Amino acid sequence: MRQEISERGAIQVVKPLEKSVDVSAASDLKDAVATLIDAKKNLIILDMTEVEFVDSTGLGAMVYTLKRATAKGGDAVLVGLQPGVRSLLETTRLDNCFQIYDDESTAVAAMTPS
């Protein structure tokens, strides 16, 4: 899966560049997140702006990101959810587990210590 990783201060922004986060892409996302967290970069924004479809393995990768980040004292949030992805999170009630923001700037402001 193609993805873009950028830094906003201490926050890592991981942006999948594919339309789907599914069985063929989820392991790449998990690998990218694991690499960041192993490097002690545990504040992560998953920018889902380009993603129109997520299957169960994609949901698993998203939950993996949250669990790994919080286990290391960090956090993971979601931004830019497309309607279908947001609906899936609501149906599975994962919207109660994640902080969800409309855009990256709002997420960065919320995650930056004051």
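The values are calculated or read from the model by the stated rules, or taken from the named source; none is laboratory data. Keep in mind it's a predicted model, so treat the numbers as computed, not measured. Cβ sites come from the backbone with ideal geometry, for glycine too, and all protein chains shown count toward neighbours.
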Taking first residues from region 85-114 that are closer than 14 Å to Met48 by Cα and second residues anywhere that are surrounded by 18 or more Cβ atoms within 10 Å (Cβ to Cβ) and among the hydroxyl-bearing types (Ser, Thr, Tyr), the pairs with Cβ under 7 Å that are 6 or more apart or on different chains are Ala107/Tyr101
Of the residues in region 83-100, those that are within 22 Å of Ala32 (Cβ to Cβ) and under 13 Å from the mean Cα position of the chain (by Cα) come to Val85, Leu89, Leu94, Cys97, Phe98, Gln99, Ile100
Among the residues of region 45-76, the number that are of a type in the set (A, V, I, L, M, F, W, C) and in a helix (DSSP H, G or I) is 7
Among Val54, Val33, which is over 19 Å from Thr112 (Cβ atoms), in contact with an Asp or Glu (Cβ under 9 Å, 6 or more places away or on another chain) and not polar (S, T, N, Q)?
Val54
In the list Ala34, Ala110, Ala39, which residue meets the criterion of being in contact with a Phe, Trp or Tyr (Cβ under 7 Å, 6 or more places away or on another chain), among the hydrophobic types (A, V, I, L, M, F, W, C) and surrounded by fewer than 20 Cβ atoms within 10 Å (Cβ to Cβ)?
Ala110
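Yes or no: Val13 under 18 Å from Tyr101 (Cα atoms) and crowded, with 16+ Cβ neighbours inside 10 Å?
yes
If the requirement is being farther than 20 Å from Ala26 by Cα, polar (S, T, N, Q) and either at pLDDT below 95 or not in a strand (DSSP E or B) (or both), which of these qualifies: Ser114, Ser87?
Working: Ser87 fails: farther than 20 Å from Ala26 by Cα.
Checking each option against the conditions leaves just Ser114.
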Name every residue in region 95-114 that is within 12 Å of Ala76 (Cβ to Cβ) and hydrophobic (A, V, I, L, M, F, W, C), in order of residue number.
Cys97, Phe98, Ile100, Ala107, Met111
Let me confirm something: among Gly80, Gly58, which residue is buried (at least 17 other Cβ atoms within 10 Å of the Cβ) and closer than 17 Å to Met111 by Cβ?
Gly80
